[in-house]
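The values are calculated or read from the model by the stated rules, or taken from the named source; none is laboratory data. These numbers come from a predicted model, not from an experiment. No Cβ is skipped: glycine too gets one built from the backbone with ideal geometry, and neighbour counts run over all protein chains shown.
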Amino acid sequence: MLSDFELMRIHVNVLFRHDEENRITYVNEPPYDEAPRVFIGGTKDGYVVRYHRSLSEEVVNELEQTISSDNNPPLAEIICILNKDREINSIEVGPAYFFSGVKSSANRAVKVTSSNQEILLPNFPYTYEEFELKQPCYAIIQNGIAVSLCCSARQTDAAAEASLFTLEEYRGMGYGMEVANAWASDVQNQGKLALYRTSWDNFSSQSVAKKLQLSQYGIDIHIS
(Lines give C-alpha, C1' and ligand atoms only; values in the text may rest on other atoms or scores of the structure.)
Protein backbone atom coordinates (compact mmCIF):
# COMPACT_ATOMS: atom_id res chain seq x y z
CA MET A 1 0.00 0.00 0.00
CA LEU A 2 1.47 3.33 -1.06
CA SER A 3 1.75 6.13 1.48
CA ASP A 4 0.11 9.50 0.86
CA PHE A 5 3.58 10.98 0.30
CA GLU A 6 4.39 8.34 -2.34
CA LEU A 7 1.05 9.00 -4.03
CA MET A 8 1.85 12.72 -4.15
CA ARG A 9 5.26 12.05 -5.72
CA ILE A 10 3.55 10.01 -8.44
CA HIS A 11 0.92 12.73 -8.78
CA VAL A 12 3.41 15.56 -9.42
CA ASN A 13 5.05 13.53 -12.18
CA VAL A 14 1.65 13.12 -13.82
CA LEU A 15 0.97 16.85 -13.55
CA PHE A 16 4.23 18.25 -14.91
CA ARG A 17 7.22 17.56 -17.06
CA HIS A 18 10.59 17.83 -15.35
CA ASP A 19 14.13 18.64 -16.48
CA GLU A 20 17.32 16.81 -15.53
CA GLU A 21 17.54 18.80 -12.28
CA ASN A 22 13.99 17.80 -11.28
CA ARG A 23 12.68 21.31 -11.89
CA ILE A 24 9.20 21.48 -13.41
CA THR A 25 8.95 22.85 -16.94
CA TYR A 26 5.56 22.33 -18.62
CA VAL A 27 2.09 21.07 -17.80
CA ASN A 28 1.93 17.45 -18.95
CA GLU A 29 -0.88 17.88 -21.48
CA PRO A 30 -1.45 19.87 -24.69
CA PRO A 31 -0.94 22.74 -25.28
CA TYR A 32 1.90 22.19 -22.75
CA ASP A 33 1.60 25.49 -20.91
CA GLU A 34 4.32 26.63 -18.55
CA ALA A 35 4.23 24.86 -15.19
CA PRO A 36 3.60 27.01 -12.09
CA ARG A 37 6.52 28.71 -10.44
CA VAL A 38 6.04 26.60 -7.32
CA PHE A 39 4.08 23.43 -6.68
CA ILE A 40 3.45 22.22 -3.12
CA GLY A 41 1.74 18.89 -2.57
CA GLY A 42 0.77 18.55 1.07
CA THR A 43 0.12 15.19 2.74
CA LYS A 44 -0.02 13.97 6.33
CA ASP A 45 3.37 12.35 5.68
CA GLY A 46 5.09 15.51 4.45
CA TYR A 47 5.31 17.86 1.49
CA VAL A 48 6.37 17.32 -2.11
CA VAL A 49 7.75 20.60 -3.47
CA ARG A 50 8.78 21.41 -7.03
CA TYR A 51 10.24 24.65 -8.40
CA HIS A 52 10.03 25.95 -11.95
CA ARG A 53 13.28 25.91 -13.87
CA SER A 54 13.06 29.70 -14.39
CA LEU A 55 13.53 30.43 -10.68
CA SER A 56 17.02 31.52 -9.68
CA GLU A 57 19.07 29.56 -7.17
CA GLU A 58 18.82 32.49 -4.79
CA VAL A 59 15.02 32.44 -4.85
CA VAL A 60 14.89 28.65 -4.56
CA ASN A 61 17.24 28.68 -1.57
CA GLU A 62 15.11 31.29 0.17
CA LEU A 63 11.95 29.31 -0.55
CA GLU A 64 13.50 26.08 0.68
CA GLN A 65 14.54 27.67 3.96
CA THR A 66 11.05 29.08 4.46
CA ILE A 67 9.23 25.87 3.56
CA SER A 68 11.49 23.54 5.57
CA SER A 69 11.33 25.75 8.67
CA ASP A 70 7.68 24.93 9.32
CA ASN A 71 5.55 21.79 9.27
CA ASN A 72 2.90 23.85 7.49
CA PRO A 73 4.52 25.87 4.69
CA PRO A 74 3.72 29.57 5.36
CA LEU A 75 1.89 30.54 2.18
CA ALA A 76 2.05 34.28 2.91
CA GLU A 77 5.85 34.19 3.19
CA ILE A 78 6.17 32.11 0.03
CA ILE A 79 4.06 34.65 -1.85
CA CYS A 80 6.21 37.52 -0.54
CA ILE A 81 9.40 35.81 -1.74
CA LEU A 82 7.95 35.17 -5.19
CA ASN A 83 6.55 38.70 -5.46
CA LYS A 84 10.00 40.14 -4.81
CA ASP A 85 11.24 38.19 -7.82
CA ARG A 86 8.16 38.74 -10.00
CA GLU A 87 4.53 39.39 -9.12
CA ILE A 88 2.46 36.23 -8.95
CA ASN A 89 -0.54 35.82 -11.25
CA SER A 90 -2.59 33.12 -9.59
CA ILE A 91 -2.86 30.61 -6.77
CA GLU A 92 -4.81 27.38 -7.13
CA VAL A 93 -5.52 25.17 -4.14
CA GLY A 94 -7.54 21.98 -3.95
CA PRO A 95 -7.78 18.36 -2.83
CA ALA A 96 -6.13 15.41 -4.57
CA TYR A 97 -7.84 12.00 -4.60
CA PHE A 98 -7.35 8.50 -5.90
CA PHE A 99 -9.80 5.72 -6.75
CA SER A 100 -9.13 3.13 -4.05
CA GLY A 101 -11.52 0.67 -5.61
CA VAL A 102 -14.17 0.62 -8.32
CA LYS A 103 -17.45 -1.16 -7.76
CA SER A 104 -18.57 -3.34 -10.63
CA SER A 105 -22.15 -2.59 -11.62
CA ALA A 106 -24.37 -2.09 -14.62
CA ASN A 107 -23.00 0.87 -16.48
CA ARG A 108 -24.31 2.89 -19.41
CA ALA A 109 -20.86 4.28 -20.21
CA VAL A 110 -19.52 3.46 -23.67
CA LYS A 111 -15.82 3.25 -24.45
CA VAL A 112 -14.82 5.79 -27.10
CA THR A 113 -12.48 4.35 -29.69
CA SER A 114 -11.28 5.37 -33.14
CA SER A 115 -14.36 3.69 -34.60
CA ASN A 116 -16.85 5.93 -32.79
CA GLN A 117 -14.88 9.02 -31.78
CA GLU A 118 -17.08 11.27 -33.93
CA ILE A 119 -19.57 11.26 -31.02
CA LEU A 120 -17.16 13.70 -29.33
CA LEU A 121 -17.21 16.41 -31.99
CA PRO A 122 -20.35 18.38 -31.04
CA ASN A 123 -19.59 18.82 -27.31
CA PHE A 124 -15.99 17.72 -26.80
CA PRO A 125 -14.01 18.90 -29.86
CA TYR A 126 -10.78 19.34 -27.89
CA THR A 127 -10.87 15.72 -26.73
CA TYR A 128 -11.55 14.68 -30.32
CA GLU A 129 -8.48 16.56 -31.53
CA GLU A 130 -6.20 15.07 -28.84
CA PHE A 131 -7.95 11.71 -28.84
CA GLU A 132 -4.90 9.43 -28.73
CA LEU A 133 -3.48 11.29 -25.71
CA LYS A 134 -6.77 11.07 -23.80
CA GLN A 135 -7.11 7.30 -23.59
CA PRO A 136 -8.94 5.61 -22.05
CA CYS A 137 -12.11 7.56 -22.72
CA TYR A 138 -15.71 6.79 -21.72
CA ALA A 139 -18.95 8.58 -22.54
CA ILE A 140 -22.69 8.57 -21.96
CA ILE A 141 -24.38 8.97 -25.33
CA GLN A 142 -27.69 10.70 -26.00
CA ASN A 143 -29.07 11.12 -29.54
CA GLY A 144 -25.82 9.89 -31.00
CA ILE A 145 -23.47 12.34 -29.24
CA ALA A 146 -21.50 12.35 -26.00
CA VAL A 147 -23.10 14.32 -23.17
CA SER A 148 -20.94 13.12 -20.28
CA LEU A 149 -17.28 12.23 -20.61
CA CYS A 150 -14.38 10.95 -18.54
CA CYS A 151 -10.95 10.56 -20.08
CA SER A 152 -7.30 10.91 -19.12
CA ALA A 153 -6.23 14.53 -18.73
CA ARG A 154 -2.58 13.65 -18.10
CA GLN A 155 -0.77 10.39 -17.55
CA THR A 156 2.49 8.53 -17.10
CA ASP A 157 3.33 4.82 -17.00
CA ALA A 158 2.39 4.83 -13.30
CA ALA A 159 -0.85 6.82 -13.13
CA ALA A 160 -3.51 8.78 -15.00
CA GLU A 161 -5.53 11.80 -13.92
CA ALA A 162 -9.23 12.01 -14.74
CA SER A 163 -10.85 14.73 -16.81
CA LEU A 164 -14.59 14.62 -16.09
CA PHE A 165 -17.37 16.77 -17.52
CA THR A 166 -21.13 16.45 -17.95
CA LEU A 167 -23.25 18.92 -19.90
CA GLU A 168 -25.32 21.01 -17.50
CA GLU A 169 -28.70 19.78 -18.73
CA TYR A 170 -27.65 16.16 -18.09
CA ARG A 171 -26.36 16.60 -14.55
CA GLY A 172 -28.03 14.95 -11.57
CA MET A 173 -28.61 11.72 -13.50
CA GLY A 174 -25.57 9.80 -12.27
CA TYR A 175 -23.80 10.04 -15.61
CA GLY A 176 -20.63 11.51 -14.14
CA MET A 177 -20.26 8.65 -11.68
CA GLU A 178 -20.76 6.05 -14.40
CA VAL A 179 -18.19 7.42 -16.83
CA ALA A 180 -15.70 8.07 -14.01
CA ASN A 181 -16.01 4.53 -12.67
CA ALA A 182 -15.67 3.06 -16.16
CA TRP A 183 -12.56 5.16 -16.81
CA ALA A 184 -10.99 4.30 -13.45
CA SER A 185 -11.64 0.58 -13.91
CA ASP A 186 -9.92 0.66 -17.29
CA VAL A 187 -6.93 2.61 -15.89
CA GLN A 188 -6.58 0.19 -12.96
CA ASN A 189 -6.76 -2.79 -15.31
CA GLN A 190 -3.70 -1.33 -17.03
CA GLY A 191 -1.86 -1.48 -13.70
CA LYS A 192 -2.00 2.29 -13.16
CA LEU A 193 -3.28 4.48 -10.37
CA ALA A 194 -6.46 6.41 -11.18
CA LEU A 195 -6.22 9.96 -9.82
CA TYR A 196 -8.68 12.85 -9.52
CA ARG A 197 -8.15 16.42 -8.37
CA THR A 198 -10.13 19.63 -8.17
CA SER A 199 -10.12 23.06 -6.51
CA TRP A 200 -11.73 24.12 -3.24
CA ASP A 201 -14.14 26.45 -5.04
CA ASN A 202 -15.39 23.72 -7.40
CA PHE A 203 -18.18 22.38 -5.23
CA SER A 204 -19.80 20.22 -7.91
CA SER A 205 -16.50 18.44 -8.55
CA GLN A 206 -16.00 17.85 -4.83
CA SER A 207 -19.53 16.47 -4.67
CA VAL A 208 -18.67 13.98 -7.42
CA ALA A 209 -15.55 12.92 -5.49
CA LYS A 210 -17.68 12.32 -2.40
CA LYS A 211 -20.26 10.27 -4.31
CA LEU A 212 -17.49 8.21 -5.90
CA GLN A 213 -16.09 7.60 -2.39
CA LEU A 214 -12.62 8.64 -3.50
CA SER A 215 -9.76 8.66 -1.02
CA GLN A 216 -8.08 12.02 -0.44
CA TYR A 217 -4.32 11.75 -0.05
CA GLY A 218 -3.30 15.39 -0.15
CA ILE A 219 -3.74 19.01 -1.15
CA ASP A 220 -2.34 20.71 -4.25
CA ILE A 221 -1.01 24.26 -4.22
CA HIS A 222 -0.04 25.80 -7.60
CA ILE A 223 1.52 29.27 -7.48
CA SER A 224 2.08 30.89 -10.89
*Could you tell me which residue of the range 4-26 is surrounded by the most Cβ atoms within 10 Å (Cβ to Cβ), considering only residues that are over 15 Å from ALA159 (Cα atoms) and out of contact with any Ser or Thr (no Cβ under 8 Å at 6 or more places or on another chain)?*
ILE24
*asked:* Looking at SER114 and the list (1) touching a His at 6+ places or on another chain (Cβ under 7 Å); (2) over 28 Å from VAL38 (Cα atoms), which single condition is not satisfied?
replied: (1)
*Of the residues GLN142, GLN188, which is closer than 22 Å to ARG9 by Cα and not assigned by TED's automatic domain parsing to the domain that holds HIS18?*
GLN188
*What pairs can you find where one residue is in the range 168-194 and within 14 Å of LEU212 (Cα to Cα), the other is in a helix (DSSP H, G or I), and their Cβ atoms are less than 6 Å apart, with a gap of 6+ or different chains?*
GLY176/VAL208; MET177/LYS211; ALA194/ALA184; ALA194/VAL187; ALA194/GLN188
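Give the residue that is surrounded by the fewest Cβ atoms within 10 Å (Cβ to Cβ), with candidates limited to residues of the range 38-81 that are of a type in the set (Val, Ile, Thr) and touching a residue at least 40 places away in the same chain (Cβ under 8 Å).
ILE79
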_Quick check on the range 178-191. Is at least one of its residues under 27 Å from GLU34 (Cα atoms) and at pLDDT 95 or above?_
yes
_Please count how many residues of the range 86-102 are part of a strand (DSSP E or B) and under 13 Å from the mean Cα position of the chain (by Cα)._
7
